[in-house]
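A.B. asks: This structure is in structure tokens; I'll ask about it shortly.
Throughout, read-outs are computed from the coordinates displayed, never taken from laboratory work. On a predicted model such as this, the values are computed, not experimentally measured, just so you know. Note: ideal-geometry Cβ built from the backbone for every residue, glycine included; neighbour counts use all protein chains shown.
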Amino acid sequence: MMKKNTVLIIEDNEINNEILQEILEDYNLYIAYNGQEGLRLMREHQSEIDVVLLDIEMPVMNGYEVLEEVNKDDQLRQIPIVVTTGNESTEVEERCLNLKATEFIKKPYNPTVVRLRVENLIRMRDFATTLSDVEIEKNSGAYTRTAFYHYAQMKIDQNPDTPFTIVMTDIIGFRRLHEQYGASAFSLLRKQVDLFRKISNNEVVAGNYSTDQMMFLLPISSPLGPEEKKHWYEELGRSMSKENGVVIKAGISERLDTSIGLDKHVCNVYAALMEVKKIYNRYTKVVGMDVLEKMQTEKRIEELMVDALDSGQMQVYYQPKHDSHTNALVGAEALIRWNSPELGFVSPGDFIPILEKNGFVTEVDSFVWRETCKNQRKWIDMGLKVVPISVNASRHDFEQENYKQNALGPVAEYNVPENLMNIEITESLFSNLSDRAFEDLKMFRERGIKIELDDFGSGYSSLNSLSQLPIDTVKFDIGFVRRISDPRSETVMHGSADIVKALNLKSIAEGVEDDATRQKVADMGIDTIQGFLYSKPLPVEKFEEYLKACASVQECLGTF
Amino acid sequence: MTVQECYEALHGNYADAKSRLMSDKLITKFALKFPGDPSMDTLRAAVANGNREEAFRAAHTLKGVAANLAFTELSQSASVLTEQLRSLQNDPDPALVDDLEQKYALVIATLKQLE
């Protein structure tokens, strides 16, 4: 048998009430003769009641008051309410609709109309329940994380001129509270939702980030002053005060730049929350301007990068490498430089990490590789004494199916001897490197393309792995040279250089700026030096001149 | 007296009652509850005490019950009084209360013959 639906009738007049009972005899009925009784029945049987029929003019507690009470309660608010009215002015209807009444039925009651209204509402409610199961977290009554992003974005789009604030809260020690109090601990979540509804005049979009972490998008016309923050935090504390020792912390991001994706703002707020969680006696942290500016720059870079590469704003520079003992030019490293009409000179340290994050770095790497092949061909054709040039490759490059073909293609196309092209990789690349990528590296080496391990000693390196990796050269991180005046650092560098040599690997030191350092490095047995002592990175034409100059003199030191 | 004759005598709308309440049996059942309805007494007391809010609510209820029972003339009279009272700015107009009393008396008297 099908489950009978349940209707609550709140009507003070006995005859009217009984007529409704007669009309709705096929339903389970709860009957109330005044507003207070009706509200009590709603609270007691909220999960059971499908529709409420509510009279407006009643003694003790009238229909408006019932609607107001219902609006204060997240659960009751879900039940559709039909207001029974006479044929009065539209003011009454407006007032009821403002109080979120769902429908009206006019007296005298037409049984067919009453039944159809009730049936329709039950159908809509069933549909809404199905939807809300997906979109609403049962424990908090707020949106699920996915639904939050959807509705928050909608709110932002609908109010383009409104400044928004995001708050993320975390209940400290929630697990313990949950163990102690069971499901009633979740009331802490609902209380937060209620509080933010109150302070935002019901404009907040609330969602769960995780079980006990909540997100709130608030339209706030001005940045929260310290007083306001203190105020709502105290409110939050007060509303929790019954539960002893509950501490709630919050990350806040104000005046959101809405051109930046909501997910990024949420990341920032989350980071701020994690920071404040570490500090015992602090409760809120606002995302700083520096973070926002960095995020905006990041976004600008992402917007501009494709065009920058296509339109020639990104250019390849070459920094010479010299023999530490003879000073002879023995190689160069290819480096990307970006001179943006809009952002000015963008440091590779700023944009390469962003490109590595979004994968665009493969485009840049392959551009540098191809340009370098082309230049090598040109210089060979000019009869210059060319040297091997190293090009950086990232993890993304090796993850490409056809990386081998992409790399060997331009080499063959420009007919460049393979031993004139080297690849620089960082050690971090080797964690989780696929077998295929490993085979690719071995293949490159067999063809004479040397593999250099970049940034050795900068954090990921282990001496042990040196013996395992398919590499030819170890490039000491710039930090070694910077700290070389410290005897302990010098000892570590020296020892590492000995091991590298013992493993039959070549070595390079970066960042050498003066001859005294060159001497120290050379004494350690490090073969090659890259640094301002010889030259900064040079644009193509300058490097071409450099090649010519070095061909004619044995010692290039100080030439450029 | 048939239900239909009764409705004609009390200036109601039998067709309306029949269409909504479906059967003479049900019409009779509800109509005969009307003399026991407290709305008119509540209204009288409110008028006597000068309680405008209570008077409005009672007139409003009377209007609704009468409409549901298709006591058309009574419902209309109650409706006029309801609107006169709605703003709560005025005391009940004695002429309107009188009119309502007359219509009410007719309905009650007529219903006695239906019993």
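A.B. asks: Mean separation of Cα pairs under 8 Å and 6+ residues apart, divided by the residue count of chain A: what relative contact order is that in percent?
C.D. replies: On the way: 855 pairs, mean separation 46.5, N = 560.
That works out to 8 percent.
A.B. asks: While we're looking at this one, here's another question. So what is the 222 nm mean residue ellipticity for chain A from helices alone, if each DSSP H run of at least 4 adds -39500 (n - 2.57) and you divide by all residues, rounding to the nearest 500 deg cm²/dmol? Don't jump to the answer; show the numbers that get you there.
C.D. replies: Values: 21 runs with 258 residues, N = 560.
Result for chain A, helices only: -14500 deg cm²/dmol.
A.B. asks: Ok, one more. Grab the DSSP H runs of chain B that are 4 residues or longer, score each as -39,500 (n - 2.57), total them, divide by all residues and round the 222 nm result to the nearest 500 deg cm²/dmol. Present the calculation step by step, with values, prior to reporting the outcome.
C.D. replies: On the way: 7 runs with 86 residues, N = 115.
One gets -23500 deg cm²/dmol as the mean residue ellipticity at 222 nm.
A.B. asks: Separate question: When you have a sec, figure out the Kirkwood radius of the range A:138-222 from all distinct Cα pair distances and drop it here in Å to one decimal? Write down the numbers at each step before the final one.
C.D. replies: Values: mean 1/r = 0.0752 Å⁻¹.
When all Cα pairs of the range A:138-222 are included, the Kirkwood radius is 13.3 Å.
A.B. asks: Residues of the range A:80-121 with backbone nitrogen within less than 18 Å of a virtual label 7 Å along the Cα-to-Cβ line of B:Gln89, please, listed as ranges.
C.D. replies: Those under the cut-off are A:89-92.
A.B. asks: In the protein assembly as shown, with Lys and Arg counted as +1 and Asp and Glu as -1 at Cβ, which of these residues, A:Ser187, A:Ala334, A:Met274, has the Cα nearest the positive end of the dipole, that is, farthest along it?
C.D. replies: About the Cα centre, the residue reaching furthest to the positive side is A:Ala334.
A.B. asks: To continue, here is another question. Given an 8 Å cut-off on Cα distances and at least 6 residues of separation, report the relative contact order of the range A:378-528 as a percent. Don't jump to the answer; show the numbers that get you there.
C.D. replies: Values: 183 pairs, mean separation 25.7, N = 151.
Averaging sequence separation for qualifying contacts and normalising by length gives 17 percent for the range A:378-528.
A.B. asks: Can you pull the Kirkwood radius for the range A:279-365, inverse mean 1/r over Cα pairs, to one decimal in Å?
C.D. replies: Mean inverse Cα-Cα distance, inverted, gives 15.6 Å.
A.B. asks: Could you work out Rg/(2.2 N^0.38 Å) for chain B, with Rg from alpha carbons only?
C.D. replies: Details: Rg = 14.1 Å, N = 115, 2.2 N^0.38 = 13.4 Å.
Rounded to two decimals, the normalised Rg is 1.06.
A.B. asks: While we're here: Say a paramagnetic label sat at a point 7 Å from the Cα of A:Phe438, along Cα to Cβ; which residues of the range A:396-431 have their backbone N under 11 Å from it?
C.D. replies: Only A:431 fall inside the zone, counting backbone N under 11 Å.
A.B. asks: Give the lysines whose C-alpha is closer than 20 Å to that of A:Lys106, dropping any in the same chain fewer than 8 places away, or say none.
C.D. replies: Within the straight-line cut-off, A:Lys106 pairs with B:Lys18, B:Lys63.
A.B. asks: Going by alpha carbons, how many degrees (0 to 90, nearest 10) lie between the helix axis of A:14-23 and the longest principal axis of chain A?
C.D. replies: Compared with the principal axis, the helix lies near 60 degrees.
A.B. asks: If eta is 1.306 mPa s and T is 10 °C, what Stokes-Einstein diffusion coefficient results for the protein assembly as shown, Kirkwood Rh from Cα pairs, in µm²/s?
C.D. replies: Diffusion coefficient, whole number: 48 µm²/s.
A.B. asks: Compute a Gaussian network model of chain B, connecting alpha carbons closer than 10 Å, and tell me which residue from B:Phe34, B:Phe56, B:Phe71 fluctuates the most.
C.D. replies: It is B:Phe34.
A.B. asks: Once you keep just the Cα pairs under 8 angstrom separated by 6 or more residues, what percentage relative contact order results for chain B? Display every interim value, and only then the final one.
C.D. replies: Values: 128 pairs, mean separation 34.6, N = 115.
Taking the mean separation of contacting Cα pairs over the length of chain B, I get 30 percent.
A.B. asks: Can you tell me the 0 to 90 degree angle between the C-alpha axis of helix A:262-278 and the longest principal axis of chain A, rounded to 10?
C.D. replies: That works out to roughly 90 degrees.
A.B. asks: Residues with amide H under 5 Å of A:Gly525's amide H, sequence separation 5 or more or different chain, H placed in the peptide plane at 1.01 Å from N; which?
C.D. replies: none
A.B. asks: Here's something else I'd like to know. For A:Leu39, what charge total do you get from the other residues with a beta carbon under 12 Å from its beta carbon, if Lys and Arg give +1 and Asp and Glu give -1? Display every interim value, and only then the final one.
C.D. replies: On the way: positive: A:Arg40, A:Arg43, A:Lys72; negative: A:Glu37, A:Glu44, A:Glu65, A:Glu68, A:Glu69, A:Asp73.
Cβ neighbours under 12 Å give a net charge of -3.
A.B. asks: Can you work out the base-10 log of I(q)/I(0) for the range A:38-187 at q = 0.09, 0.12, 0.16 1/Å, using the Debye formula on its C-alpha atoms alone?
C.D. replies: -0.41, -0.70, -1.07
A.B. asks: How charged is the neighbourhood of A:Ser210? Take every other residue with its Cβ under 11 Å from the Cβ of A:Ser210, and add Lys/Arg as +1 and Asp/Glu as -1. Walk me through the intermediate numbers first.
C.D. replies: Values: positive: A:Arg145; negative: A:Glu137, A:Asp170, A:Asp212.
Charge balance in the 11 Å sphere: -2.
A.B. asks: Assign one of three labels to the range A:419-484, namely rounded, prolate or oblate, based on the Cα gyration tensor with a ≥ b ≥ c the square roots of its eigenvalues; rounded applies when a/c is under 1.5, prolate when it is not and a/b is larger than b/c, and oblate otherwise.
C.D. replies: oblate
A.B. asks: Here's another thing I want to ask about it. As a quick test, which of the pairs A:Lys4/B:Lys29; A:Lys299/A:Lys536; A:Lys100/B:Lys33; A:Lys264/A:Lys404; A:Lys107/B:Lys25; A:Lys357/A:Lys404 have an alpha carbon distance above 28 angstrom in this structure? Before the final figure, lay out each step's value.
C.D. replies: Details: A:Lys4/B:Lys29 26 Å; A:Lys299/A:Lys536 30 Å; A:Lys100/B:Lys33 34 Å; A:Lys264/A:Lys404 35 Å; A:Lys107/B:Lys25 21 Å; A:Lys357/A:Lys404 22 Å.
Table pairs above 28 Å Cα-Cα are A:Lys299/A:Lys536; A:Lys100/B:Lys33; A:Lys264/A:Lys404.
A.B. asks: Further question: Residue by residue through the range A:476-481, which ³J(HN,Hα) values in whole Hz follow from phi under the Karplus form 6.51 cos²θ - 1.76 cosθ + 1.60 (θ = phi - 60°), with glycine and proline marked x?
C.D. replies: Once rounded to whole Hz, the list reads 5, 4, 4, x, 4, 5.
A.B. asks: What do you get for Rg/Rh over the range A:1-107 if you use C-alpha atoms and the Kirkwood form of Rh?
C.D. replies: Answer for the range A:1-107: 0.94.
A.B. asks: What does the convex hull of the alpha-carbon atoms of the range A:362-497 project to on average, in nm²? Please report the intermediate quantities before stating the final value.
C.D. replies: Values: hull surface 36.6 nm².
Its average projected convex-hull area is 9.2 nm².
A.B. asks: How big is the gap, in Å, between the Cα center of the range B:44-61 and the Cα center of the range A:47-100?
C.D. replies: 23 Å
A.B. asks: Shifting gears a bit: Just the number: Rg to Rh for the range A:375-417, Cα atoms, Kirkwood Rh, two decimals. Don't jump to the answer; show the numbers that get you there.
C.D. replies: Values: Rg = 12.6 Å, Rh = 11.9 Å.
Over the Cα atoms of the range A:375-417, Rg/Rh equals 1.06.
A.B. asks: Select from B:Leu96, B:Leu43, B:Leu74 the residue whose mean-square fluctuation is largest in a Gaussian network model of chain B (Cα-Cα springs shorter than 10 Å).
C.D. replies: Of B:Leu96, B:Leu43, B:Leu74, the most mobile in the Gaussian network model is B:Leu96.
A.B. asks: Hey, another quick one. Rounded to the nearest 0.05, what FRET efficiency do B:Ala109 and B:Ser23 have when you use their Cβ-Cβ distance and R0 = 22 Å?
C.D. replies: On the way: r = 24 Å, r/R0 = 1.11.
Efficiency computed from Cβ-Cβ geometry: 0.35.
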